[in-house]
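One structure is given below, encoded as structure tokens.
The values are calculated or read from the model by the stated rules, or taken from the named source; none is laboratory data. No experiment lies behind these values; they were computed from the predicted model shown. Don't worry about glycine lacking a Cβ; one is built from the backbone with ideal geometry, like all the others, and counts go over all protein chains shown.
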Amino acid sequence: MKAEEKYTDKQLIDKILNKETAMFELIIRRNNPYLYRIGRMYRFSHEDTQDLMQETYMEAFMHLHQFENRSSFRTWISKIMLHQCYRKTQKWSSKHIQTPENGDHVFENLYNTETSAQVMNRELNSVIEKSLLSIPEDYRVAFTLREINGLSVQETAEALGISESNVKVRVSRAKAFLRKEIEKYYIREEIFEFNLVYCDEIVNRVMRKLKEI
């Protein structure tokens, strides 16, 4: 069993609050893929998404004592990431945001470490990713949280601050848009995968920051 799978979120949080700061690395590794997808769904570049992830983890660490376990930790930290993304979109000009028109290399960093399955599905995944980025933001983010990151309808509604029925409508419309191109090849787990190279990088960046506190 991997170290990050050994403990529940609650157990990890209790250990971290009990001064076992090094255990926060497991929190980071466990949540990297979910936060990365959120950043990319807001059309932030790979590098800017990493910065937003770092800010999110620092914010989560500083307020970890406020987590009340009423919702899942993934929902709680997703809400922090969503807030970070929203704040950046309000502050930054559009030149910091990547769109499908920015060139063919928007997604190239996602495939530096490839298995044979990833190689086989790379072209399809690129179509999926670029198709998602062309969907209106409200639908795109709801789809990411619900269908890609695996939050329940209730958790997605909580993270976005909308009703459960609104979540269902947004996800349904996102699927309808995508179905024309990818109906036969819908692959959830491989969309916007955050490979281990970048996972380690984020872990190191955040843990260095924590040591400075």
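The numbered conditions (1) under 20 Å from residue 131 (Cα atoms); (2) at pLDDT below 80; (3) polar (S, T, N, Q) are all true for residue 195 except (1). Does the stretch 3-32 hold any residues that are more than 17 Å from residue 56 (Cβ to Cβ) and among the basic types (Lys, Arg), and which are they? Correct list: 6, 10, 15, 19. For residue 17, the criteria (1) among the hydrophobic types (A, V, I, L, M, F, W, C); (2) farther than 15 Å from residue 199 by Cβ; (3) surrounded by 19 or more Cβ atoms within 10 Å (Cβ to Cβ) hold in every case but one, which is (3). The single condition among (1) outside any helix (DSSP H, G or I); (2) under 17 Å from the mean Cα position of the chain (by Cα) that residue 70 does not meet is (2). Residue 78 - would you say it is under 19 Å from the mean Cα position of the chain (by Cα) and at pLDDT 90 or above? Yes, satisfied. Can you give me the number of residues within the stretch 162-183 that are surrounded by fewer than 17 Cβ atoms within 10 Å (Cβ to Cβ) and modelled with pLDDT of 95 or more? Final tally of qualifying residues: 7. Suppose the filter is exposed (fewer than 15 other Cβ atoms within 10 Å of the Cβ) and farther than 23 Å from residue 136 by Cα; does residue 66 pass it? Criteria met by residue 66.
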